[in-house]
Amino acid sequence: MSSPTGPASGLPVRMPRPRQPGRHRRPEPLAAPEGAPALVLVVPGTPGAATRSLAEEVVSIARSELPGLDARIAYLDGSDDSEFPTLQAVLTHAAEERTARFEQARAAGMDVKEPDGPVAVVVPLLAGPDGALLRRIRQAVMDSRIAADLTDVLGPHPLLAEALHVRLSEAGLARADRARLFTVATAADGIILASVGGDEAVQAAGITGMLLAARLAVPVMAAALDQDGSIADVAEQLRGSGSQQLALAPYLIGPEIDPGLIDEAAKEAGCSAAEALGPYPAIGKLALAKYTTALGIVPPQPQGTPVR
């Protein structure tokens, strides 16, 4: 039995773990500030069950990285119903909820200030810049007449190069780990990085492509899915420089294009294709990083995971 002064003799005493000093100290867990703006993930493309599942997984990853985060999903081509709400509808609802919380607090006699600053931070679910889609998103924010900040797209970023590597390895088109002494018979010796959004998107994809090339030790060239002949031209350039077995890596999250375009592009290039990036964990982390940067919050930097 335990005595009033502590446990009885022979029983282990549980002591608190000492806090590690200096650079070895674990970072304090970060949570979303109370009353912080909502993170609104705006999803391009045709809404559907698969699109919704992908978006929900992305915001789930973001919430797990920042407890207390108010994360919502809006659809660029949605409707005003509850299943696939438009960006304007989501922003309006977020503003109404913030106003209601303020009025309730004031009615309860609390000394609260009227909320100011943005109601939401809008993060486009896009790996690279697509001028047409970004103009539509920006116009939707303006039309809502709600104070909201619009962030840049998710890339270029080293974590996207990691995600591309994983998708290629899952398709058997790249070794999962260069350090291992085994080969993949179908591993590509040249990668076509397929983007949408014209020349600007190709240039941005090229930055991530350089990071991917460093991981795979094979040439990587970016091309535009939405420009006639771009994929075939890049395939010809890669073959002309000595690559014999090509692979197509979509620099896309998925909802922004018709899935059939990837298959058509692979046929045009005469090669196999990996899957789009989809809800890879890095996508949720990068969406959160855009949000926290917009608000001046400094969370732990998003880290990659080893490719195995």
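Quick notes on this structure:
- Among the residues making up region 141-162, those that are among the hydrophobic types (A, V, I, L, M, F, W, C) and crowded, with 20+ Cβ neighbours inside 10 Å are Val141, Ile146, Ala148, Leu150, Val153, Leu154, Leu159, Leu160, Ala161.
- Neighbours by Cβ (under 8 Å, 6+ apart or cross-chain): first from region 214-231, under 21 Å from Gln244 (Cβ atoms); second open to solvent by 70 Å² or more (accessible area, probe 1.4 Å) and of a type in the set (A, V, I, L, M): Val220/Met210
Okay, residues lined up against (1) polar (S, T, N, Q); (2) open to solvent by 30 Å² or more (accessible area, probe 1.4 Å); (3) within 30 Å of Leu261 (Cα to Cα); (4) part of a helix (DSSP H, G or I):
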{"site": "Thr46", "(1), (2), (3), (4)": "yes, yes, yes, no"}
{"site": "Ala50", "(1), (2), (3), (4)": "no, yes, yes, yes"}
{"site": "Ser60", "(1), (2), (3), (4)": "yes, yes, yes, yes"}
{"site": "Leu69", "(1), (2), (3), (4)": "no, no, no, no"}
{"site": "Ser82", "(1), (2), (3), (4)": "yes, yes, yes, no"}
{"site": "Ala89", "(1), (2), (3), (4)": "no, yes, no, yes"}
{"site": "Thr92", "(1), (2), (3), (4)": "yes, yes, no, yes"}
{"site": "Gly117", "(1), (2), (3), (4)": "no, yes, no, no"}
{"site": "Leu126", "(1), (2), (3), (4)": "no, no, yes, no"}
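- Qualifying residue in region 101-115 (condition: assigned to a loop (DSSP other than H, G, I, E, B) and either touching a Cys at 6+ places or on another chain (Cβ under 9 Å) or surrounded by 22 or more Cβ atoms within 10 Å (Cβ to Cβ) (or both)): no
- Residue match in region 99-112 (condition: without any contact (Cβ under 8 Å) to a residue 60 or more places away in the chain and in contact with a helix residue (DSSP H, G or I) (Cβ under 6 Å, 6 or more places away or on another chain)): yes
- Qualifying positions in region 190-214 - open to solvent by 50 Å² or more (accessible area, probe 1.4 Å) and either at pLDDT 95 or above or not aliphatic (A, V, I, L, M) (or both): Asp199, Glu200, Gln203, Ile207, Met210, Leu211
- Scan region 128-140 for residues that are open to solvent by 50 Å² or more (accessible area, probe 1.4 Å) and not in a helix (DSSP H, G or I) and the total you get is 0.
- For region 220-249, a residue qualifies if it is open to solvent by 30 Å² or more (accessible area, probe 1.4 Å) and farther than 20 Å from Val196 by Cα, and the qualifying residues are Arg239, Gly240, Ser241, Gly242, Gln244, Gln245.
The values are calculated or read from the model by the stated rules, or taken from the named source; none is laboratory data. Because the structure is predicted, anything quoted here is derived from the model rather than measured. Because the Cβ atoms are built from the backbone with ideal geometry, glycine has one as well, and the counts that use them run over all protein chains shown. SASA here: full protein model, heavy atoms, side chains in, ligands and nucleic acids out. Shrake-Rupley method; radii C 1.70, N 1.55, O 1.52, S 1.80 Å.
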